[in-house]
Amino acid sequence: MQINITNVLKDEVTISGQIMKREYVENIMLPVLIGQCGTVRGRQFDIVKIFDEAGLSLAAIPEVAREYAIDKSEKARLRLRQQAEADAHAERCRIATPRELAQAKADRVARAAAIREQGAKVLAARSRNAG
């Protein structure tokens, strides 16, 4: 079933080229279309998605609208989890660039120099106190 919803106004909606009253579309046409789908959730969700994306009210079909919202949120949560896993794997498998390697080496050298300098200060202070 191909439904093209365009030009959604306050009182009117254009569906597949026909101008209809918004109230009729939301309260009568939507439940009829959902009823024609029977218990096939995929078809129902397709119709609800079209109406939802057009900004029309889904109040006339509360059960299907609730299941659609739950399904939509679960898919969004799954997509976020998969993206987080993909980002973690990409970071784990990432190869450092030559610039990053050089920066890490410079940081190690600077840290080692600071540690040696601190050790020299401690040894110098110890030798002054020992004598």
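Taking the criterion of being farther than 17 Å from Gln2 by Cβ and of a type outside the set (Lys, Arg), would at least one residue in segment 37-48 satisfy it? Break it down into steps so the answer makes sense when it comes.
From segment 37-48, those farther than 17 Å from Gln2 by Cβ are 38-39, 41; that's our starting set.
Subset that is of a type outside the set (Lys, Arg): 38-39.
Yes: segment 37-48 contains one or more residues that are farther than 17 Å from Gln2 by Cβ and of a type outside the set (Lys, Arg).
Wholly within segment 1-117, which helices (runs of 4 or more DSSP H) include no fewer than the required count, namely at least 3 residues that are exposed (fewer than 10 other Cβ atoms within 10 Å of the Cβ) and at pLDDT below 95?
Numbers: elements: 30-37, 41-54, 62-92.
Once the helices (runs of 4 or more DSSP H) in segment 1-117 are filtered for at least 3 residues that are exposed (fewer than 10 other Cβ atoms within 10 Å of the Cβ) and at pLDDT below 95, what remains is 62-92.
Could you list all residues from segment 1-33 that are hydroxyl-bearing (Ser, Thr, Tyr) and at positive phi?
Step one: of segment 1-33, the residues hydroxyl-bearing (Ser, Thr, Tyr) are 6, 14, 16, 24.
Hit for segment 1-33 is Ser16, nothing else.
The values are calculated or read from the model by the stated rules, or taken from the named source; none is laboratory data. Here the structure is a predicted model, which means the values were calculated and not measured. Neighbour counts run over all protein chains shown; Cβ positions are idealised from the backbone, glycine included.
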